[in-house]
Amino acid sequence: MAFLTNEKLTIVGAAGMIGSNMAQTALMMGLTSNLCLYDVFSPEGVAEEMRQCGFDGVNITATTDVKEAFTDAKYIISSGGAPRKAGMTREDLLKGNCEIAEQLGKDIKTYCPDVKHVVIIFNPADLTGLVTLLYSGLKPSQVTTLAALDSTRLQSALAKKFGVMQNQITGCATYGGHGEQMAVFGSAVKVAGKPLSEIIGTAEFPVEEWKQMQQDVTKGGAKIIELRGRSSFQSPSYLSVEMIRSVMGGEAFRWPAGTFVNNEKYKCIMMAMKTTLDATGCHFEVPTGTADEVASLDASYEHLCKMRDELVTLNIVPPVSEWSKINPNL
């Protein structure tokens with residue numbers, strides 16, 4: 001079996017549903033011959049199932065020891081936080097999961113400071129990713145968070161609405177925070193080649209229906225909990241592995257990623273931008289859109305800032321002015 005790399009990929013939270021799906025997806029994609037499964041609960045059962053799949057030429061290890069898991073790791077994907085339950089928002093997980101992210105960042109700094117890329121997907125991903133970046137000492141281009149799931153939910157909703165295949169819906173993107181305050185951009189979307197902007201406001205797709213779809217997309221995770229009785233695991237697993245594949249030098253990632261932003265307008269925050277992921281890391285540009293879309297993005301940023309500042313009051317992070325003392329790359 002041909003692999004993209006022989007470098008070590010560590011999956012954190014591998015005993016859970018997201019982590020175990022990530023492990024299988026990574027192996028099916030042929031990402032690496034060196035896969036480590038790590039969890040505070042033994043992931044040996046997951047490892048044994050992966051071995052029994054019969055993947056050729058791959059070394060699969062399982063451990064509950066963080067030093068063993070992270071030593072020599074060049075890529076990390078972490079789903080190692082508490083999942084969202086019915087009635088909860090992503091923000092409800094803020095304190096506990098950001099404390100987990102703080103320790104994750106410190107462990108990266110201790111055991112694998114030369115890691116090439118880290119993908120964070122446990123919620124609230126923008127904040128857990130930000131905390132991980134701060135305490136890991138890594139460069140901003142080396143840590144990304146899962147944001148694509150919102151864009152794929154928009155694509156899926158539009159495909160169902162217009163009765164077309166999902167690949168006939170192009171230009172879907174959501175930016176800002178991975179939460180119910182995300183900014184849903186529709187101005188670049190095309191439906192089977194026709195601009196969505198020319199369809200919105202017609203009898204086929206009234207403005208009110210579009211607004212409702214935007215709201216539904218922001219609550220897509222809650223809908224999965226309603227339908228399945230548990231939070232999403234297959235879609236975040238697949239998309240996060242696609243992200244790590246791109247930085248390993250594989251197929252380009254097709255969707256926005258959460259990335260560290262610090263420019264004249266958006267200060268010291270992790271949020272979804274128009275991104276490129278490749279072997280050099282994550283690079284972004286600020287998306288353009290209508291006045292309403294930009295205003296929505298600004299509002300999402302303000303919401304993220306409030307949560308970031310709450311982390312200061314909780315003593316999980318220091319004030320932004322002191323961040324460079326912890327991570328000189330910020």
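The values are calculated or read from the model by the stated rules, or taken from the named source; none is laboratory data. Quick caveat, the model's predicted, so the values are computed rather than measured. All Cβ positions, glycine included, derive from the backbone under ideal geometry; neighbour counts span all protein chains shown. Calculation scope for accessible area: heavy atoms of the full protein, side chains included, ligands and nucleic acids excluded. Shrake-Rupley method; radii C 1.70, N 1.55, O 1.52, S 1.80 Å.
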* Can you spot a residue in the stretch 280-288 that is at positive phi and either under 18 Å from the mean Cα position of the chain (by Cα) or open to solvent by less than 40 Å² (accessible area, probe 1.4 Å) (or both)? -> yes
* Structure fact -> If you go through Asp150, Asp126, the only one that is open to solvent by less than 20 Å² (accessible area, probe 1.4 Å), more than 30 Å from Asn6 (Cα to Cα) and of a type in the set (Asp, Glu) is Asp150
* Structure fact -> Those residues of the stretch 1-27 which are surrounded by 14 or more Cβ atoms within 10 Å (Cβ to Cβ), more than 24 Å from Pro113 (Cα to Cα) and either among the aliphatic types (A, V, I, L, M) or in contact with an Asp or Glu (Cβ under 6 Å, 6 or more places away or on another chain) (or both) amount to Ala15, Met17, Ile18, Leu27
* Of the criteria (1) surrounded by 13 or more Cβ atoms within 10 Å (Cβ to Cβ); (2) more than 18 Å from the chain's Cα centre (by Cα); (3) small (Gly, Ala, Ser), which one Ser246 fails -> (2)
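Have a look at Asp292, Asp298 and point out the one that is more than 15 Å from Leu130 (Cβ to Cβ) and open to solvent by less than 60 Å² (accessible area, probe 1.4 Å).
Details: Asp292 fails: open to solvent by less than 60 Å² (accessible area, probe 1.4 Å).
Answer to the selection: Asp298.
May I ask you to verify whether Val312 is in contact (Cβ under 8 Å) with a residue 24 or more places away in the chain and either outside any loop (DSSP other than H, G, I, E, B) or hydroxyl-bearing (Ser, Thr, Tyr) (or both)?
On the way: in contact (Cβ under 8 Å) with a residue 24 or more places away in the chain: no; either outside any loop (DSSP other than H, G, I, E, B) or hydroxyl-bearing (Ser, Thr, Tyr) (or both): yes.
Answer is no for this residue.
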* **Test: Gln214 is in contact with a His (Cβ under 7 Å, 6 or more places away or on another chain) and within 30 Å of Met22 (Cα to Cα)** => no
* Structure fact -> Checked the stretch 303-330 for anything closer than 16 Å to Cys268 by Cα and surrounded by fewer than 14 Cβ atoms within 10 Å (Cβ to Cβ); matches are Lys306, Asp309, Val312, Pro318, Pro319, Ser321, Glu322, Ser324, Lys325, Pro328
* Has the stretch 185-208 got at least one residue that is surrounded by 23 or more Cβ atoms within 10 Å (Cβ to Cβ) and out of contact with any Lys or Arg (no Cβ under 8 Å at 6 or more places or on another chain)? -> yes
* To do: Considering every residue within the stretch 17-29, establish whether at least one is part of a loop (DSSP other than H, G, I, E, B) and at pLDDT 95 or above.
  => no
* Return the residue satisfying two criteria in turn: it lies in the stretch 267-278 and is open to solvent by 50 Å² or more (accessible area, probe 1.4 Å) and touching a residue at least 40 places away in the same chain (Cβ under 8 Å), and of such residues it is farthest from the chain's Cα centre (by Cα). => Lys267
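Output the residue which, of all residues in the stretch 28-50 that are among the charged types (D, E, K, R) and either within 20 Å of Val66 (Cβ to Cβ) or touching a Phe, Trp or Tyr at 6+ places or on another chain (Cβ under 6 Å) (or both), is surrounded by the fewest Cβ atoms within 10 Å (Cβ to Cβ). So that I can check it myself, show each step before the final result.
Of the residues in the stretch 28-50, the ones among the charged types (D, E, K, R) are 39, 44, 48-49.
Within this subset, residues satisfying the condition of being either within 20 Å of Val66 (Cβ to Cβ) or touching a Phe, Trp or Tyr at 6+ places or on another chain (Cβ under 6 Å) (or both) are 39, 44.
Details: Asp39: 22, Glu44: 16.
Checking each candidate, the answer is Glu44.
Taking the stated definitions as given, is Val191 within 30 Å of Gln24 (Cα to Cα) and β-branched (Val, Ile, Thr)? It would help to see each step written out before you state the result.
Working: within 30 Å of Gln24 (Cα to Cα): no; β-branched (Val, Ile, Thr): yes.
No, not satisfied.
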